[in-house]
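Okay, structure first, notes after.
The values are calculated or read from the model by the stated rules, or taken from the named source; none is laboratory data. Model, not experiment: these values are computed from the prediction. Cβ: placed from backbone, ideal geometry, glycine included. Neighbour counts: every protein chain shown.
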Amino acid sequence: MAKTSKLDKEKRNKNQHKTIVSWILNNLKFIIIPGSKLETLTLKENKYEKDLSKRKLINRFKSPVTIIGIIFILVILSIAVFESWISPYSYGEALMRSPLRFLPPSPQHPLGTTRYGNDVLARIIFGTRTCLIIVFFSVIISIVIGIPLGLISAYFGGWLDLIIMRIMELLLSFPGVILAITILIIWQPTIVNLIIVFGFIGIPYYTRTMRNAVLKVKDLPYINAAKLMGANKTRILFRHILPNSIQPIIISLSYNIGRTLINLSILAFLGLNDPRWIDWGTDIAQARRYILSAPWWILGPSLMILITVIGFYLLGDGLQDALDPKMKNLK
């Protein structure tokens with residue numbers, strides 16, 4: 001047994017020596033010539049740098065302000081998704097009138113009741129999904145139309161850029177809320193029309209933001225290299241330019257969500273809302289006349305709007321610090 005173990009040990013030592021000698025012979029260029037790279041080590045180095053950059057990106061999101069914004073957004077999203085389980089009353093009970101008018105907060109009605117006898121807490125919960133549906137779908141419309149317009153305008157330039165940007169500047173010359181009021185007075189203020197109107201209003205902002213970002217990268221060396229290699233315009237636009245120009249859109253997205261929510265509340269406050277749906281702005285508009293006699297009615301939806309807007313604004317600051325750390329040093 002002892003002889004067998006010694007023989008095995010000698011074989012392992014010989015194999016190790018052969019492996020070392022073979023590696024040295026195969027990598028003489030890496031050992032002798034300064035600056036030469038070894039393929040396996042280069043792959044490991046690239047992988048390490050990618051992991052390190054991801055960790056740095058995640059660490060930039062760990063600021064207390066950004067975490068607070070993310071928590072606010074997660075709470076709002078959870079309320080919108082699980083509204084039927086969270087609400088103490090059904091959607092019909094929150095929408096239909098009841099004789100229990102202006103009841104103060106109690107165990108049965110934690111935030112009191114409205115002028116029409118509806119539970120304030122239930123209306124706040126069900127209004128969350130309505131507001132988020134309008135805001136998110138309108139933002140999607142703005143992005144889907146605004147990003148391609150900004151890409152085309154900046155990349156091709158010339159008369160096409162002139163026409164697109166003059167139209168966008170014409171739309172931007174009108175205040176968004178005034179334009180929305182004008183359109184919704186002509187149309188019925190249904191939830192679909194609200195989504196279309198806010199989506200239409202947001203197009204110029206994303207078009208201009210995308211155009212400015214593309215103008216910064218379209219003449220960089222890697223774009224010219226792609227042209228010399230024979231890449232078509234579609235590939236250059238969507239494979240090379242768009243991924244490197246999308247950061248400003250991501251940063252401005254959270255700010256625009258907050259702004260759209262405020263504009264939506266303003267329209268509901270003015271009575272331009274869909275009465276078949278519950279939303280925070282409508283409750284604020286109805287409760288403003290009873291702010292002294294029933295302050296709990298206006299307090300709930302106002303706090304929800306405040307928390308949601310602050311959450312998205314804080315997230316926007318966090319995204320700006322994470323995706324564009326140079327701007328953080330200028331603050």
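Across the range 61-75, the number of residues qualifying as over 16 Å from the mean Cα position of the chain (by Cα) and part of a loop (DSSP other than H, G, I, E, B) comes to 2.
Hey, among R235, R289, which residue is among the charged types (D, E, K, R), surrounded by fewer than 19 Cβ atoms within 10 Å (Cβ to Cβ), modelled with pLDDT under 85 and assigned to a helix (DSSP H, G or I)?
Just a single option satisfies the conditions, and that option is R235.
List pairs: first residue in the range 286-311 and within 15 Å of G112 (Cα to Cα), second residue in a helix (DSSP H, G or I) and acidic (D, E) anywhere in the structure, Cβ distance under 8 angstrom, at least six positions apart or on different chains. Correct list of pairs: W297/D283; I298/D283; G300/D283; P301/D283. Step by step: first the residues of the range 41-85, then only those that are modelled with pLDDT under 75 and under 16 Å from Q320 (Cβ atoms), then the one that is surrounded by the most Cβ atoms within 10 Å (Cβ to Cβ). Which residue is that? Of everything passing the filter in the range 41-85, R60 is surrounded by the most Cβ atoms within 10 Å (Cβ to Cβ).
Checked against (1) within 26 Å of the chain's Cα centre (by Cα); (2) under 30 Å from F269 (Cα atoms), L184 passes all but a single condition, namely (1).
Considering only residues that are farther than 28 Å from L179 by Cα and in contact with a Lys or Arg (Cβ under 8 Å, 6 or more places away or on another chain), which ones fall in the range 240-297? Please lay out each step first, then the result.
Step one: list which residues in the range 240-297 are farther than 28 Å from L179 by Cα, which gives 240-245, 247, 290-297.
Of everything in the range 240-297, those that are farther than 28 Å from L179 by Cα and in contact with a Lys or Arg (Cβ under 8 Å, 6 or more places away or on another chain) turn out to be I241, S245, Y290, A294, W297.
Within the range 100-129, how many residues are surrounded by 15 or more Cβ atoms within 10 Å (Cβ to Cβ), hydroxyl-bearing (S, T, Y) and more than 18 Å from the chain's Cα centre (by Cα)? So the count comes out to 3. Given (1) assigned to a helix (DSSP H, G or I); (2) of a type outside the set (S, T, Y); (3) in contact with a helix residue (DSSP H, G or I) (Cβ under 9 Å, 6 or more places away or on another chain), where does D274 come up short, assuming only one miss? Of the numbered conditions (1) assigned to a helix (DSSP H, G or I); (2) of a type outside the set (S, T, Y); (3) in contact with a helix residue (DSSP H, G or I) (Cβ under 9 Å, 6 or more places away or on another chain), the odd one out for D274 is (1). Confirm whether I195 is β-branched (V, I, T), surrounded by 13 or more Cβ atoms within 10 Å (Cβ to Cβ) and within 25 Å of the chain's Cα centre (by Cα). It is true that I195 is β-branched (V, I, T), surrounded by 13 or more Cβ atoms within 10 Å (Cβ to Cβ) and within 25 Å of the chain's Cα centre (by Cα). Kindly check whether there is at least one residue in the range 204-215 that is assigned to a helix (DSSP H, G or I), without any contact (Cβ under 8 Å) to a residue 40 or more places away in the chain, charged (D, E, K, R) and out of contact with any strand residue (DSSP E or B) (no Cβ under 6 Å at 6 or more places or on another chain). Checking the range 204-215: not a single residue is assigned to a helix (DSSP H, G or I), without any contact (Cβ under 8 Å) to a residue 40 or more places away in the chain, charged (D, E, K, R) and out of contact with any strand residue (DSSP E or B) (no Cβ under 6 Å at 6 or more places or on another chain).
If the condition is being polar (S, T, N, Q) and under 22 Å from I249 (Cβ atoms), then the range 114-153 contributes S138, S142, S153.
Taking the conditions exactly as written (surrounded by fewer than 21 Cβ atoms within 10 Å (Cβ to Cβ), in contact (Cβ under 8 Å) with a residue 12 or more places away in the chain and within 24 Å of E83 (Cα to Cα)), does W277 satisfy them or not? Criteria met by W277.
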